[in-house]
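> Sharing a structure, written as structure tokens. Questions coming.
Quick note: the coordinates plus some simple rules give every number you see, no bench work behind them. Here the structure is a predicted model, which means the values were calculated and not measured. Ideal geometry is used to build each Cβ from the backbone, glycine not excepted, and the neighbour counts take in all protein chains shown.
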Amino acid sequence: MPPLRERVEDIPLLVNELITRLEHEGRGSVRLTPGAVVSLCQYHWPGNVRELANLVERMVIMHPMGVVDVGDLPAKFQVGSESSEPVAEAIMNRVMAKESVTVTEAMPRLPREGIDLKEYLADLEKHYIMQAIEEAGGVVAHAASRLKLRRTTLVEKMRKYGLQRVEELT
């Protein structure tokens with residue numbers, strides 16, 4: 001059998017299978033974003049499937065019922081970069097060409113103990129607002145555009161969460 005690094009189209013399938021096994025064993029669950037999967041596909045895999053299994057177990061422990069993105073992976077697995085976008089696209093084309101493979105969705109799983117949905121959604125909204133404001137350089141109109149909101153709506157939400165524009169913080 002060829003090494004895992006030569007079978008990148010199998011990596012998403014293996015990740016899904018490993019997560020399913022951990023879920024059935026009651027050891028937890030995790031989801032990976034497409035970016036994280038592409039990064040794993042670009043990794044050299046000297047430890048082959050066992051190394052992948054260890055990584056999945058580690059992610060389940062470190063991000064229980066959460067979503068793992070490229071930045072959440074250990075540094076050695078963060079292979080992709082903006083300059084390797086064509087490589088990532090080629091990998092995803094190979095991955096998606098396999099009919100039985102589905103890239104793990106980035107939707108978090110509901111924890112067994114449940115969640116305070118109102119608090120969770122407020123935290124999520126606040127996170128995206130802060131990110132949009134930061135990426136827009138503090139320009140509220142640009143941040144509102146990124147969030148597909150009217151500027152006045154974003155200003156109201158910022159007031160609600162006690163958020164300020166970037167230049168107001170410095």
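> What is the distance, in nm, between label points placed 7 Å from the Cα along the Cα-to-Cβ direction at Val49 and at Thr20?
Placing both labels 7 Å along Cα→Cβ, they lie 1.4 nm apart.
> With no solvent and one point per C-alpha, what does the Debye sum give as log10 I(q)/I(0) for the stretch 9-51 at q = 0.14, 0.15, 0.21, 0.25 Å⁻¹?
For the stretch 9-51 at q = 0.14, 0.15, 0.21, 0.25 Å⁻¹, log10 I(q)/I(0) is -0.34, -0.39, -0.73, -0.95.
> Can I ask one more? Figure the gain on full extension for Glu119 and Arg27 (residue separation times 0.36 nm, minus the Cα-Cα span) and round it to one decimal in nm. Please list the in-between numbers first.
On the way: separation 92, 0.36 × 92 = 33.12 nm, distance 2.59 nm.
My answer for the length gained is 30.5 nm.
> Taking Cα centroids, how far is the stretch 44-70 from the stretch 1-22 in Å?
Centre-to-centre distance over Cα atoms comes out at 11 Å.
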